[in-house]
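The values are calculated or read from the model by the stated rules, or taken from the named source; none is laboratory data. Just so it is clear, the structure is predicted and the values come from calculations on it, not from any experiment. Every residue, glycine as well, gets a Cβ built from its backbone with ideal geometry; the counts of neighbours run over all protein chains shown.
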Amino acid sequence: MNYKVNFEVEKDDFEKAGEASRKIKKTLKQLGVDNKTIRHIAIAGYEGEMNLAIHSDGGEIILEVSSEKINLTIQDVGPGIPDLDLAMTEGYSTASDKVREMGFGAGMGLPNMEKNADFFEIHSKVGKGTKIQMSFNLK
């Protein structure tokens, strides 16, 4: 089984934020992926989607499913992350006051992605953007 789909996420589009994550969850259910794996992917995907809406100038989520694993790639065009170690620290956030007032920006996005994935890798270049690659093993 090989399946691939892309989801576009726009900057500051909080009305649609979460839509890609819901579609990913629905797709994985239809493909027969177990609930525990779906839960991990849904958490990581939602965190990535919110980071795209909050911190980037827009980007995409790419879902790839094979018989062995599920890959989730989140890439954006945007400011990039100047200090990845600091960004990976639980509770650290650069979210605006407006975003925090909406209930986002707690600084748990990247740590939650890493905790839920079997493989997590992040690359970022200031002024260019960020790319996160995650894999989830199908057991």
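What number of residues within region 34-67 satisfy the criterion of being assigned to a strand (DSSP E or B), hydrophobic (A, V, I, L, M, F, W, C) and buried (at least 23 other Cβ atoms within 10 Å of the Cβ)?
Taking region 34-67 and keeping what is assigned to a strand (DSSP E or B), we get 59-65.
Now restrict to residues that are hydrophobic (A, V, I, L, M, F, W, C): 61-63, 65.
Still in the list and also buried (at least 23 other Cβ atoms within 10 Å of the Cβ): 61.
Selection size over region 34-67: 1.
Residues checked against (1) in contact with a helix residue (DSSP H, G or I) (Cβ under 8 Å, 6 or more places away or on another chain); (2) aliphatic (A, V, I, L, M); (3) within 14 Å of Ser21 (Cβ to Cβ); (4) in contact (Cβ under 8 Å) with a residue 40 or more places away in the chain:
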| site | (1), (2), (3), (4) |
| --- | --- |
| Gly80 | no, no, no, yes |
| Asp97 | no, no, no, no |
| Arg100 | no, no, no, no |
| Leu110 | yes, yes, no, yes |
| Glu121 | no, no, no, no |
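Considering only residues that are at positive phi and assigned to a loop (DSSP other than H, G, I, E, B), look in region 104-130 and name the one that is modelled with the highest pLDDT.
Only one residue tops the list, namely Gly127.
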Per the list (1) within 28 Å of Gly127 (Cα to Cα); (2) small (Gly, Ala, Ser); (3) in contact with a Lys or Arg (Cβ under 8 Å, 6 or more places away or on another chain), residue check on Ala42 breaks on (1)
For region 72-88, state whether one or more residues are crowded, with 20+ Cβ neighbours inside 10 Å, within 15 Å of the chain's Cα centre (by Cα) and either farther than 25 Å from Asp13 by Cβ or of a type in the set (Asp, Glu) (or both).
yes
